[in-house]
1. Please state which of the following conditions Phe71 fails to meet, knowing it meets all the rest: (1) at pLDDT 95 or above; (2) surrounded by 18 or more Cβ atoms within 10 Å (Cβ to Cβ); (3) not aliphatic (A, V, I, L, M).
2. Hey, can you tell me all the residues within segment 9-53 that are touching a strand residue (DSSP E or B) at 6+ places or on another chain (Cβ under 9 Å), free of Cβ contacts under 8 Å to residues at least 40 places away in the same chain and more than 17 Å from Ser77 (Cβ to Cβ)?
3. Among (1) touching a strand residue (DSSP E or B) at 6+ places or on another chain (Cβ under 6 Å); (2) under 20 Å from Ser132 (Cα atoms); (3) of a type outside the set (Val, Ile, Thr), which single condition is Tyr56 missing?
4. Restricting the search to segment 49-64, which residues are exposed (fewer than 14 other Cβ atoms within 10 Å of the Cβ) and either closer than 22 Å to Ser145 by Cα or modelled with pLDDT under 90 (or both)?
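The values are calculated or read from the model by the stated rules, or taken from the named source; none is laboratory data. Everything quoted here is computed from the prediction, not taken from an experiment. Glycine also receives a Cβ, built like all others from the backbone with ideal geometry; neighbour counts cover every protein chain displayed. Note: accessible area is taken over every heavy atom of the protein model, side chains too, but ligands, DNA and RNA are not part of it. Shrake-Rupley method; radii C 1.70, N 1.55, O 1.52, S 1.80 Å.
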Amino acid sequence: MKLLRLNPIDIANYIVWRHRNEDHFLTHLKLQKIMYYVVAKYLKDKDKLLFEDPIYKWQYGPVIKPVYHQFKLFGKSKIKEPVSYLSSDSNYSGKGDFTINFVDPEEICATLDSDNEFKNVVLHVLKEFQYSTAFDLVERTHEESAWKNFESQILNGIELTYSKDELKSANI
């Protein structure tokens, strides 16, 4: 199985799935930074992006918007389990017959786990940052030139994204 351009929520769920039995706290903020480093490491190692969604440069570092919106309800709390979301084959327009289907995150995580290249990147990043807090990772991303060189623009609310070259230069 070769991964390329996945749904970022599936990758976030996989990270949660791999991390859920750990003693170390995985919050929404830390998940965003782990995602950033997984994408960067995979791009460095395989020269492929895992998904097409941009990674934004926000005040507290890198953010993937679909993951932000899916997991923000956790706030500062520990994320203990992967989350389900509406499947793309759902029709919930409210007109006539409609179908609502949810993605089974356990099934997707098991499938992702069978891709050793992907799994090894995720495990490497999780091991690298297992003792880091969310704010340790915020500071780490702020030290990278891809964020630091644009700090004033970012803090003034200008929405910027990471380029492939900037992702490849991430400190992982």
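1. (1)
2. Met35
3. Here Tyr56 meets the rest and fails (2).
4. Step one: filter segment 49-64 for residues exposed (fewer than 14 other Cβ atoms within 10 Å of the Cβ), giving 52, 59.
Once the filter is applied, which keeps residues that are exposed (fewer than 14 other Cβ atoms within 10 Å of the Cβ) and either closer than 22 Å to Ser145 by Cα or modelled with pLDDT under 90 (or both), segment 49-64 yields only Gln59.
So that you can scan it fast, the table gives a plain yes or no per residue for (1) under 21 Å from His28 (Cβ atoms); (2) open to solvent by less than 40 Å² (accessible area, probe 1.4 Å); (3) in a helix (DSSP H, G or I):
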site	(1), (2), (3)
Ile108	yes, no, yes
Leu112	yes, yes, yes
Ile154	yes, yes, yes
Glu166	no, yes, yes
Ile172	yes, no, no
